[in-house]
Structures are given as structure tokens and as C-alpha cells.
1. Among the numbered conditions (1) within 17 Å of Arg14 (Cα to Cα); (2) open to solvent by less than 70 Å² (accessible area, probe 1.4 Å); (3) at pLDDT below 90, tell me where Gln84 comes up short.
2. Can you go through Phe63, Phe55 and tell me which one is surrounded by 13 or more Cβ atoms within 10 Å (Cβ to Cβ) and more than 17 Å from Ala26 (Cα to Cα)?
3. Quick one: in the stretch 7-33, of everything that is polar (S, T, N, Q) and open to solvent by 60 Å² or more (accessible area, probe 1.4 Å), which residue is modelled with the lowest pLDDT?
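The values are calculated or read from the model by the stated rules, or taken from the named source; none is laboratory data. No experiment lies behind these values; they were computed from the predicted model shown. Using ideal geometry, Cβ is built from the backbone for each residue, glycine included, and neighbour counts are taken over all protein chains shown. Calculation scope for accessible area: heavy atoms of the full protein, side chains included, ligands and nucleic acids excluded. Shrake-Rupley method; radii C 1.70, N 1.55, O 1.52, S 1.80 Å.
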Amino acid sequence: MAAAQRSAGTTFRRTLLNPAALGYLAVVAAVWVWIAVDTLLVTHADASMAGVWGFFVTAPTSFLFVSLPGPLPLVGVAVGALVQALALGAAYRWATGRPRGQGWASHA
């Protein structure tokens, strides 16, 4: 059982710690820094819509949490970012994990 937990942890780490997933998480963090700066330091004549971009960069997963009460929409943004990063990481591992030259085009 320890080996199964170890391999699940290793798979999770390898899926999350690759250039695609880390790049996506960096974009999400940059958007949230921009939202914080816009909210705290920039005066607007009316309300700013900058906070909406936090949901857009983590969509569609974060949209499942939008109608929930209290701070749960922000939890949805965090969950959405993690789910999207895992999906991008898995796609990156799949795309780069195949041996080169093994496709159908190399047999021509």
C-alpha cells in the first residue's frame, strides 16, 4: 500500500511540476497580482471588473463555484487552477512521453 501511495504522489508531482502546468500557474498568479493591484491601488470612478479575469483564467472549473455563498467562489478559483494545471501537466506528459520517431509518418 505504501508503494501505491508513493507512486500516486510521484505521479501527482510529475504531473504538476512540468513547464506547462507551472507556466499556467504562473499566469494565474500574475492575473491575481494584477487584480490585487487594481483593487487596492487604482481608484476608479465606478466598480472595476478586474476580478472577473480571475474566474476567466481558471474557467470552466471555477464557474462551478460562482453561485456558492461566502468565500467559496474564491475556493473555486483555487480548485479550478489546480484542476487545469493537472490537466495541462497530464497533456504535457502524454505529448512528451512518447519516443520520437515511433509514429506512422516515420515508416514512409
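1. The number of the failed condition is (3).
2. Working: Phe55 fails: more than 17 Å from Ala26 (Cα to Cα).
Criteria check complete, one pass: Phe63.
3. First pass over the stretch 7-33, keeping only residues polar (S, T, N, Q): 7, 10-11, 15, 18.
Now drop any that are not open to solvent by 60 Å² or more (accessible area, probe 1.4 Å), which leaves 7, 11.
Numbers: Ser7: 81, Thr11: 78.
Top of the filtered list is Thr11.
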